1. Quick check, is B:Ala78 closer than 24 Å to A:Ala96 by Cα and within 13 Å of DNA strand D (Cβ to nearest atom)?
2. Just one of B:Arg117, B:Arg123 is more than 30 Å from B:Arg303 (Cα to Cα) and either at pLDDT 90 or above or under 15 Å from the mean Cα position of the chain (by Cα) (or both); which is it?
3. Are there any helices (runs of 4 or more DSSP H) wholly within region B:200-272 with 1 or more residues that are within 14 Å of chain A (Cβ to nearest Cβ) and under 29 Å from the mean Cα position of the chain (by Cα), and if so which?
4. Condition first: away from DNA strand D (no atom under 12 Å from the Cβ) and at pLDDT 90 or above. Can you find one or more residues in region A:36-48 that meet it?
5. Would you point out which residue out of B:Leu98, B:Leu88, B:Leu93, B:Leu65 is within 16 Å of DNA strand D (Cβ to nearest atom), assigned by TED's automatic domain parsing to the domain that holds B:Thr321, of a type outside the set (Asp, Glu) and assigned to a helix (DSSP H, G or I)?
6. Checking the structure you have, find out if any residue of region B:68-85 is within 8 Å of chain A (Cβ to nearest Cβ), under 26 Å from A:Arg63 (Cα atoms) and not in a strand (DSSP E or B).
7. Give just the number: which of (1) surrounded by fewer than 20 Cβ atoms within 10 Å (Cβ to Cβ); (2) within 16 Å of DNA strand D (Cβ to nearest atom) does B:Ile51 not satisfy?
8. Residues in region A:297-328 that are of a type in the set (A, V, I, L, M) and at pLDDT below 85: how many?
2 protein chains.
Amino acid sequence: MRKPVRRRAAALVTIDQVAHRAGVSLMTVSRVTNGHECVRERTRERVMRAIRELNYKPNPAARALAAARADRIALLYANPSAGYLSELLLGTLDGAGLTGCQLVVQKWEGADGGGERARARARQLARDADGVLLPPPLCESQPLTAALEGVQVPCVAIAAGLATPGMSCVRIDNRRAAHDMTTHLIRLGHRAMGFIKGDPNQSASAQRFEGFRHALADAGVPFNEAWVAAGDFSYRSGLRAAEHLLAARIRPTAIFASNDDMAHAVISVAQRRRLSVPRDLSVAGFDDTLMATTVFPELTTVRQPIAPMSQEAIALLLEATRRKRLNLDAEPEDRLFEHELIERDSCAPPRGASSATS
Amino acid sequence: MRKPVRRRAAALVTIDQVAHRAGVSLMTVSRVTNGHECVRERTRERVMRAIRELNYKPNPAARALAAARADRIALLYANPSAGYLSELLLGTLDGAGLTGCQLVVQKWEGADGGGERARARARQLARDADGVLLPPPLCESQPLTAALEGVQVPCVAIAAGLATPGMSCVRIDNRRAAHDMTTHLIRLGHRAMGFIKGDPNQSASAQRFEGFRHALADAGVPFNEAWVAAGDFSYRSGLRAAEHLLAARIRPTAIFASNDDMAHAVISVAQRRRLSVPRDLSVAGFDDTLMATTVFPELTTVRQPIAPMSQEAIALLLEATRRKRLNLDAEPEDRLFEHELIERDSCAPPRGASSATS
DNA sequence: TTGTATGCGTTATCAA
DNA sequence: TTGATAACGCATACAA
């Protein structure tokens, strides 16, 4: 008889310890962490408490081995602004690392092609991954969501404008965020404020615009249709919009662009016209992507907490995955996160104005 | 006595099957896949053959569980052009998925701060990951590589210009790639060719410039110092460079920028000056990042096969990790990949020229 | 140099 | 509703 050899430093909390502490068998703990229904409520609570107290995290490797399947979640993207994509990638990568699940990233093209092609892709996707993360604009693509629905893959929309019916969603309050930024500009002393809208196909665009208008109204600042330009979130559209706004007979003293890419474009155009930012023109963006600190001057912008949002999205997805495996149906959740106003150097009081009103 | 219950469809090839086929014990197979030295050469070969024949892939989950550690490799980045970063992320994510290893992405700031801070970060990094992937410009940052060397973490440089001594490297032949692109432009009929250099701190910059000059010389096209502008790979620097080049008394008919960001800037400036790309000016980039197809017209550029390169880099890193664990020393490898010329719409024959010479 | 016997942390199966 | 136990596929310690 040889003596048993311990191979771990026993540093990690395992399921046995939780079971012991909760006074149940380890199988019961397993059932709880996997969301099985057939556990008495009181038992479940005891287990949950033990889990919290010990700060137990299931070991992903052991799970994958025993269950013969790793948690794989797919991140789809399309029309990527590189800045937004890398932000998203960074965030989801973090989240995936925390939960020990695999991230599969795929470009979704031809969502507009619709029909059979989309369904075929969706079937493939259902084989490749247990859940799908949908950033804009994909979360609002009817053919895609229909195809995904068809193959029964759990989805969660991330950073959408509105919650897509039947799909979980993780987002910020775009309307309020735009309201906050606009109010900030007004406080700086701006009265002549321009706005560049985002892609009209994304609900977030309308919300941001709404926030802008309401903030003006709330502050009693007149709204001027001539200072609103259309855009689609791309740098190029920002260029056009900026040309338009800066050619106005009376120039706005500040321009709030619906995302950082377009804000960047505004700065470019302004500089070409020998306008100094922020002395002659304040520029505000939205998203706080990498670019915000790459351009000069650095952008004042609205930060979406992409990393925490991604983590929540992944957690939601994993949860949905488990429930689906047990043939339970899941209620779509709608999680709202707090945005943050990031003040950098692209905004200042307008020329000749003595700063604040408030 | 209960009968054994099989829980898998037995679809996967396991180490036992390989062992059986090779006529050895499973331990020997394990030794081979982990690169232990103490396996007779003939035995190793037999095992390798069995592995190939069965197409055996070790199960990452089982590995991680048994060894109490997942393969974790860190990807460091700094000064990220968002386009390049997302390209890199996409590529390494693919590679990581294939090998079942975890990707940890971190921003490295204050590499220039040097000294103690860098060493502290490096120590932390050594705890977080078994290997580090170093894209430019980090692979050429002396303080960083020194700090990493200090904590004995295996590193591999990806897409560097030159192989850093003592470090494995995965790259393309920048000089030849630039030569090819320049030759392509010459074949289109261009004789007045501008060039925008990259960051002088990165060796790839000099190589690309060299390729440009040599291609001119090889084709007997005169080189004009006035048509060369400095840059640092950023969009902003590209803007300045383009202004400079397009203000020249005699304008170049084509501009070859050392990366896509700067090429994008050239297009912006050209359009602002009412020059049509490619009718009045051809513009070529380098890297084939996402942006290349986002701008209008789409960029003719040089493609670095980032995804395969990342995979190779990860493989190299994992190999080095294993060897290090066994206290074997690893020879640095230098892997060269083939670039590809991507012809899109930003280049055309110059005005009034009848296309080709060749 | 190679092989034997466990152990890793979890889930699936089956019985209570 | 809960529990006991056998996989899961591989690596480590130790023996041969």
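1. The answer is no for B:Ala78.
2. B:Arg123
3. Passing ranges, in order: B:235-246, B:260-272.
4. Yes, because at least one residue in region A:36-48 is away from DNA strand D (no atom under 12 Å from the Cβ) and at pLDDT 90 or above.
5. B:Leu98
6. Yes, the conditions are met somewhere in region B:68-85.
7. In the conditions (1) surrounded by fewer than 20 Cβ atoms within 10 Å (Cβ to Cβ); (2) within 16 Å of DNA strand D (Cβ to nearest atom), B:Ile51 misses (1) alone.
8. Within region A:297-328, residues that are of a type in the set (A, V, I, L, M) and at pLDDT below 85 number 2.
The values are calculated or read from the model by the stated rules, or taken from the named source; none is laboratory data. Fair warning: this is a prediction, and the values are worked out from it, not measured in the lab. FYI the Cβ positions are ideal-geometry reconstructions off the backbone, even for glycines, and counts take in every protein chain you see.
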